[in-house]
Each structure stands twice: as C-alpha cells, then as structure tokens.
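Trainee: Shown below is the structure under consideration.
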Amino acid sequence: MITRLPQEYFDEALEDLTDILHRCVHTGASIGFILPFSRDDARAYWRDRVQPELRAETLDLFVAYGDGRILGTVQLIPAAMPNQPHRADVAKLLVHPQARRRGLGRSLMEALHERARELKRTMLVLDTRSSDPSRLLYQSMGFQIAGEIPNYCRNPFEDRLEPTTYMFKDVT
C-alpha cells in the first residue's frame, strides 16, 4: 500500500525510514551520503531535515507499506519561488534492498505524480547518479534527460567523482 505519510505518524515511521536509508546507502545508493554512514546519521537526516519540512507542509513524504513495515519512500518538494508555482522536485526514492524488483519504486512514483497533479505542479525535476539503475526507471516513466554534469557527486564507496543526470517530466 502506498500512502502520503501524515506528519502525526512520523515518529512511528522513523525507525523504518532510518533502516531504509541506512541500508540503501550501504548498498551503493547515491543519495547524498557516503560511507561511513551510521544508523544515527540516517535517523538524524529524517528527524532534522525531513520532519521539519513535513511539519511546515513544504514536503510530501510517500511511503510503501508491506510485510508489516515501510519498505520504500519518496519525497515531493514543491518549488517555493514565486516564478515556479508549477514545479516540484522529486527526492530520495528509496526501496529497501530486500523489497526491490516488486514494483514499489514505480508505485511510489505514480502516487507522487498524482499528488503533483493535485497541487498543479506540472513540471517535475530530479537528479540521479548517471550510472544508477533508477535512471532507467525514471526514463521508463517518461522523464527526459535535461543534461549530465560530470564529477558532480562522490561515489559512496570510493574516493572518486561521478556524473549526475538531471531529468524532467511534464505531468499535465
């Protein structure tokens, strides 16, 4: 089941979200973090970065439930600038490594698209490490490549820089 996580359920969800982020980073996801990356680091990200935005209603947090816990998540972040009332960013599409290849990433993105339309956010923008498998998912869902920036992000395991691809989708 995919749902938007209400702010009042955040504390209950925190440990599952922490586990997903921690495991995704440790399996090579390029989502802004590098090793070493502890469970405390993961928990701090959710508590200090995401929860305040959720409370302020400047972010929508979607979660995929299964097997009695949260197995995936993605964020929709509407642009705040007055000249971009039609735009939103897609951030941190994460699926627990043990729950991959079940369609959860696609289902999370479909729920995000629906919410974007409700908010009249017709232009979605995201970035992903160019070699990540998520890029293929995004392209299969109609995202187009805007461009690639070389040496944009550090590999989570090695001290080397990698390119990032910026993508967009018109959801009108």
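Laboratory data are not the source of any read-out in this text; all were calculated from the coordinates shown. Please read these numbers as outputs of a predicted model, since none were measured by experiment. Don't worry about glycine lacking a Cβ; one is built from the backbone with ideal geometry, like all the others, and counts go over all protein chains shown.
Trainee: Compute the distance from the alpha-carbon center of the stretch 28-73 to that of the stretch 140-172, in whole Å.
Mentor: 20
Trainee: Please give me, ordered by residue number, the trypsin sites (Lys or Arg not before Pro) of the stretch 37-106 that lie in loop per DSSP and have at most 11 other Cβ atoms within 10 Å.
Mentor: Details: sites: R39, R43, R47, R49, R55, R69, R87, K92, R100, R101, R102, R106; in loops: R100, R101, R102.
The qualifying sites are R101.
Trainee: Given the Cα-Cα distance of R160 and Q7 and 0.36 nm per residue of separation, how much length would full extension add, in nm? Mind dumping the intermediate values first?
Mentor: Working: separation 153, 0.36 × 153 = 55.08 nm, distance 3.75 nm.
Result for the pair: 51.3 nm of gain on full extension.
Trainee: For a label point 7 Å from the Cα of D89 along Cα→C-beta, name the residues of the stretch 135-155 whose backbone N is under 20 Å from it.
Mentor: Answer for this model: 135, 138-139, 143-155.
Trainee: How high is the relative contact order of the chain? Use alpha-carbon pairs under 8 Å, at least six apart in sequence, and give a whole percent. All intermediate terms of the calculation are to be shown ahead of the outcome.
Mentor: On the way: 299 pairs, mean separation 36.8, N = 172.
RCO, the chain: 21 percent.
Trainee: Would you please name the GluC sites (Glu not before Pro) within the stretch 100-171 that are DSSP coil residues with at most 13 other C-beta atoms within 10 Å of their C-beta?
Mentor: Filter output for the stretch 100-171: E158.
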